[in-house]
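Input: a single structure, listed below in structure tokens.
Laboratory data are not the source of any read-out in this text; all were calculated from the coordinates shown. None of the values given here were measured: they were computed from a predicted structure. Virtual Cβ from ideal backbone geometry, glycine too; neighbours counted across all protein chains shown.
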Amino acid sequence: MLVVAIFRALNPGATDREALYALLHDAPEYVMGDIISPFKAAMGGNYKDVENRLQAAVHIRFGLPADAPPALAKQIKKADRQAAYFEATELAGFGRSEARQFFGEPSLAAFDLEQFETLIRPWPTREAHDRFVAAFTTLGGQ
């Protein structure tokens, strides 16, 4: 959800369909687990291929073309990296300079998000589920 809010802040003209891609950007983690990029690289093999195929299947299942347009994928990646910065500094105990080394400098737009304090805090499972489904429905997910 934080990624969608940052994506919207960085791309104010984005459509709901584009934001739906952002909402679903980590869907393969439901199947494969959340594995950080350095481990993915160390694992080698077909990991990234499998992840990409799962992502395409999720997109198709929910009424989107299999692959997000490259420019959109780049915008989502930027929002994801900024979300990672805030998760690192607000939740994982990273210092700001340390987080900048890993994730880059966040843009000012991300600091001005409405409801940032709500979005950055962990939610109980049921609340996270309900918020995700509500966002999915609002963005036109089927």
Could you tell me which residue out of LEU119, MET32, VAL133 lies farthest along the dipole of the chain toward its positive end? Charges go on the beta carbon: Lys and Arg +1, Asp and Glu -1, centred on the Cα centre.
MET32
Estimated dipole of the stretch 2-138 in Debye, rounded to 20 [Cβ of Lys and Arg +1, of Asp and Glu -1, Cα centre]:
300
Once phi for every residue in the stretch 73-83 is put through the Karplus expression 6.51 cos²θ - 1.76 cosθ + 1.60 (θ = phi - 60°), the whole-Hz ³J(HN,Hα) values, with Gly and Pro written as x, are 4, 5, 5, 5, 4, 4, 5, 5, 5, 5, 4
Listed residues PHE94, PHE103, PHE39; largest mean-square fluctuation, Gaussian network over the chain with Cα springs below 10 Å, found at PHE39
Mind checking the alpha-carbon convex hull of the chain and giving the volume per residue in Å³?
122
